[in-house]
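**Student:** For reference, the structure I am asking about is given below.
No value in this document is a laboratory result; all are computed from the given coordinates. Just so we're clear, the structure is a prediction, and the values are computed from it rather than from any experiment. Quick reminder, even Gly has a Cβ in these numbers, built from the backbone with ideal geometry, and neighbours come from all protein chains shown.
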Amino acid sequence: MTITELASRVETAIACLDLPSKVALLTGSDSSGLPENTSIGLSRLRFSGDPSGLRGAEYADGGIASLLPNPTLLAQHWDVAVAGEAGALLAEEAIHRGVHVLLGPSVNLHRTPLGGRVFECFSEDPLLTGALATEYVRALQRRGVSACPKHFPANESEFERTTVDSVVDEKTLREVYLLPFEMLVHDASPWSLLTAHNRINGISATEHPQLVERLLKGEWHYDGAVVSGPFAASPIAAGTNAGLDPVVPAPDGPWGAGLVAAVRAGDVAESTIDEHLRRVLRLAERTGALDGESDGFVTSRSGALPRAPRPAPDAPLRRRRLRALAAGGMTVLTNPAGVLPLSGTEFLAVIGRHAVDTLAQGGAAARVRPPHVVSVADGLVATFGRDRVSVVDGVDVRSGPSGRPESTRDPASGGIPGQAIRPAPATTAEITERVALAASEVDVAVVVVGLTSEQETEGKDKSTLALPGQQDAMVAAVAAAARHTVVVVNAATPVLMPWLDLVDAVLWAGLPGQEAGAAVAAALTGEIEPAGRLVTTFPARDGDGPAWSTCPVNGALVYEEGTAVGYRGWHRYAEVEPLFWFGHGLGYTTWHYDSPALVRDLNAVRSVTVDVANTGPRGGTETVQVYLLPAANSEPVRLIGWTRVHVEAGRRTRVRVPCDLRAQRVRDVSSGSWRFLRGGRIMIGRGLGDVRTTLWWGPESD
């Protein structure tokens, strides 16, 4: 269908409806979508959540679904093709389950590591986030499934999220927090977009005419549907006139009959209702819901890829794809003695609660029901053989007391509070003695530590980066007894590591999805190189970093660090070193850089080239990162480009890194325009903490 035919069809549908019928189609029937209208051939528009899987066509659907690695782990590939593969897998799930709109990706930033939903988001860097999200959205929509990027904008924490006022200056908002959305709109044209619950500079995100109507729909020419977050919309006229299209959920409010009355009272023009409906029907046509498709399957759209049947979530090929996505994004944080990769012939003690009960996904509404979760213990037993692996459960990691009933928000589905009985565990001293004995009897002790769904969850933020329970003491006891100690961290967000100097290696495993243990085994043995690079900066202590607290003061959370978010602030305020820099990751080989050069014009660096040599014993994948430290002292360092390259051992290659112009500009608030940062130091390396070579460019070098 051509654009003209689409527009004609939508206008015909609008003309057939009276005012109450129009408003009904703008009012979510429940949390899972928008209502049908058979008189115009409109089926129910079905929504479902991401970040790592599909719940189905109903919000609390308990059906089995593939469980992908969490977005932060996917982002550690630094590879847009990987983001596209994730989008394609989720599109297959959506088509199979009759879902038109996937509520994601989350393109908010890791402003503080305490954020409860950091695990749902890609990175602390806006350019990396925008690039990965763009390919993710393209992959979904090429298959006829709408992405719905969220939460627009400045929704970086959970504390009082429905009422908090995110106070962000215009320069910071435009350069940092709006940049991923701008990239998405211009480069991927998402068919829908979800607003945040919070306020931005005193105005609710769902009722913000400057951001929604003037910026998003006006300056950026966005033609998709702007959807409210669940239960986020309130005043009828304010949200409608500010540019919000449908509200989700609840047919009893805030829209419905009240909006009809507002139109008849002259508070809202009916032409405004028509424009909102136009966008909703455009979304329906793009996803097949304006064709009256049969239940359970979305019909193919013009221009979309062929819709092949979805493989079973536990089909062998799908399991291999998910294992590779997880293992390849894992990150070797330390390995000074070269204990990793393991040969596969060692005798192992696999220790820790997370070894036997591996955390595959985050908590609350993001949870899906996978066909299985391979634990780290099971993955290593399958790889090394049962006779070479002893498994020892570790200390309790729950934050709640044990041995009595306690409330829980962690059921199989639905997020419904309930009760669980937690048996009283052995004492910490007894467990420490047991794990130390097991560690002393083998070649390598693999200790698996991590967070739980009580920390990696929507609805609340963390108060500390410390591992819960007595996991730190357990690691120290193992390290004192073992010949070699490898720690696997099963978490999406940074944790404190007081035992770092006591162990031989640390593998950051993220939340690896359903094939978790198989992926960890592949990474530890080097069957799949864990070539991930960190996408957020790891503090060494609680309280370190440019932004920490998520608690508002008098209802306001002020983004005091401005544009110096994440690694930018760490670099600017260099009094305190992080534990690990943004971009850090070792892999299993070594690298040498030389002969850098750049291509530029008067305004910006267009690309950088550099020779990269693999000086280690095996082939490997390197992520060449390029940063600009502007000559203007008021501007922080920023990532402007990166490229992944595979190089065999002993070989070298010339690598070209394209540099994005949008990361090399700043907002002139007084004139309301952009200007380029002309001049500065170009830093090329393996991460911001491992810069290998630099160049200077500026007017004087022209």
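**Student:** Could you list 567, 588, 177 so that the one with the fewest beta carbons within 10 Å of its beta carbon is first and the one with the most is last? All intermediate terms of the calculation are to be shown ahead of the outcome.
**Tutor:** Values: 567 28, 588 20, 177 25.
Least crowded to most crowded, the residues run 588, 177, 567.
**Student:** If I model segment 428-567 as equal point scatterers sitting on the Cα atoms and use the Debye formula, what is log10 I(q)/I(0) at q = 0.12 Å⁻¹?
**Tutor:** -0.59
**Student:** In the chain, what percentage of the DSSP-assigned beta bridges are antiparallel, given to the nearest 5?
**Tutor:** Approximately 60 percent, going by the DSSP bridge assignments.
**Student:** Can you sort 148, 16, 659 by how many other beta carbons sit within 10 Å, fewest first?
**Tutor:** Ranking 148, 16, 659 by Cβ neighbours within 10 Å, fewest first, gives 16, 659, 148.
**Student:** Over the residues of segment 330-530, compute the C-alpha Rg and express it relative to 2.2 N^0.38 Å. Don't jump to the answer; show the numbers that get you there.
**Tutor:** On the way: Rg = 16.3 Å, N = 201, 2.2 N^0.38 = 16.5 Å.
Here the Cα radius of gyration is 0.99 times the empirical estimate.
**Student:** Share of Cα-Cα pairs in segment 589-701 beyond 24 Å, in percent?
**Tutor:** Result for the distance tail: 28 percent.
**Student:** Order of 605-613, 439-447 by packing, highest average Cβ count within 10 Å first?
**Tutor:** On the way: 605-613: 19.8, 439-447: 22.3.
Packing order, densest peptide first, comes out as 439-447, 605-613.
**Student:** By the scheme Lys and Arg +1, Asp and Glu -1, what is the net charge of all other residues having a beta-carbon under 13 Å from that of residue 685? Let's see the in-between values first.
**Tutor:** On the way: positive: 533, 681, 686, 692; negative: 594, 622, 690.
Net charge around residue 685: +1.
**Student:** Sort segment 3-291 into rounded, prolate or oblate with this rule: let a ≥ b ≥ c be the square roots of the eigenvalues of the Cα gyration tensor; rounded if a/c is under 1.5, and if a/c is not under 1.5, prolate when a/b is larger than b/c, oblate otherwise.
**Tutor:** It comes out oblate by the Cα gyration axes.
**Student:** Same structure, new question: Rounded if a/c is under 1.5, else prolate if a/b beats b/c, else oblate: with a ≥ b ≥ c from the C-alpha gyration tensor eigenvalues square-rooted, which is segment 177-295?
**Tutor:** Oblate, since a/c reaches 1.5 and b/c is not below a/b.
**Student:** Can you give the relative contact order of segment 3-291 as a percent, counting alpha carbon pairs under 8 Å and 6+ residues apart?
**Tutor:** Across segment 3-291, relative contact order equals 22 percent.
**Student:** Run the numbers on segment 589-701 and let me know its relative contact order in percent, using alpha-carbon pairs under 8 Å that are six or more apart.
**Tutor:** 28 percent
**Student:** Which of the aspartates and glutamates could be linked to residue 171 by a straight reach, that is with a Cα gap under 14 Å, when you skip same-chain ones fewer than 8 residues away?
**Tutor:** Candidates past the 8-residue exclusion: 560, 561, 635, 668.
**Student:** What is the extension gain from residue 554 to residue 220, computed as 0.36 nm multiplied by their sequence separation minus the C-alpha to C-alpha distance, in nm to one decimal?
**Tutor:** Value of the extension gain: 116.9 nm.
**Student:** To continue, here is another question. What number comes out for the charge environment of residue 22, summing +1 per Lys or Arg and -1 per Asp or Glu over other residues with Cβ under 15 Å away?
**Tutor:** Once all neighbours under 15 Å are counted, the net charge is -3.
**Student:** Put a dot 7 Å past each Cα toward the Cβ at residue 634 and residue 274; how far apart are the dots in nm?
**Tutor:** Distance between label points: 4.7 nm.
**Student:** Please give every one of the aspartates and glutamates within straight-line cross-link reach of residue 462, meaning a C-alpha to C-alpha distance under 12 Å, and leave out same-chain neighbours fewer than 8 residues apart.
**Tutor:** Output for residue 462: 158, 454, 542.
**Student:** Please give the contour-minus-distance gain from residue 656 to residue 597: 0.36 nm per residue of separation, less the Cα-Cα distance, rounded to one decimal in nm.
**Tutor:** Taking 0.36 nm per residue and subtracting the Cα distance, the gain is 20.3 nm.
**Student:** Further question on the same structure: Relative to the longest principal axis of the C-alpha atoms of the chain, give the angle of the C-alpha long axis of helix 270-287, reported between 0 and 90° and rounded to the nearest 10°.
**Tutor:** Value to nearest ten degrees: 50.
**Student:** Now for a separate question. Quick one: go through segment 347-374 and flag any residue whose amide nitrogen is under 14 Å from the point 7 Å out along the Cα-to-Cβ line of residue 312.
**Tutor:** Zone members listed by number: 371-372.
**Student:** At 7 Å along the Cα-to-beta-carbon direction for both residue 428 and residue 186, put a label point, then send me their distance in nm to one decimal.
**Tutor:** If labels sit at residue 428 and residue 186, their model points lie 5.2 nm apart.
**Student:** Sequence gap at least 6, Cα distance under 8 Å: using those rules, report the relative contact order of segment 447-513 to the nearest whole percent.
**Tutor:** 37 percent
**Student:** Just want the ordering: 14, 640, 64, 236, from fewest to most Cβ atoms lying within 10 Å of their own Cβ.
**Tutor:** Listed from fewest to most nearby Cβ atoms, that is 64, 14, 236, 640.
**Student:** If you don't mind, another one. Could you give the length gained on full extension between residue 649 and residue 388, defined as 0.36 nm per residue of separation minus the Cα-Cα distance, in nm?
**Tutor:** Details: separation 261, 0.36 × 261 = 93.96 nm, distance 3.06 nm.
Between residue 649 and residue 388, full extension yields 90.9 nm more.
**Student:** Assuming 1.567 mPa s and 4 °C, estimate D for the chain with Stokes-Einstein, Rh taken as the Kirkwood radius over Cα pairs, in µm²/s.
**Tutor:** 50 µm²/s
**Student:** Just to compare against my own numbers: the Cα pair-distance distribution for segment 1-140, 10 Å bins, whole % per bin, please.
**Tutor:** 11, 32, 29, 20, 7, 0
**Student:** Out of every Cα-Cα pair in segment 88-133, what percent are more than 16 Å apart?
**Tutor:** Summing the P(r) tail past 16 Å for segment 88-133 gives 49 percent.
**Student:** Right, here's the next one. What is the sum of charges, Lys and Arg at +1 and Asp and Glu at -1, for the other residues whose Cβ falls under 13 Å from the Cβ of residue 200?
**Tutor:** -2
**Student:** Rank by packing, highest mean first: peptides 69-78, 97-106, with packing defined as the count of other Cβ atoms within 10 Å averaged across residues. Display every interim value, and only then the final one.
**Tutor:** On the way: 69-78: 28.7, 97-106: 26.2.
Descending mean neighbour count gives 69-78, 97-106.
**Student:** On a straight-distance basis, which aspartates and glutamates could pair with residue 217 in a cross-link, Cα separation under 13 angstrom, same-chain partners fewer than 8 positions away excluded?
**Tutor:** 182, 245, 275
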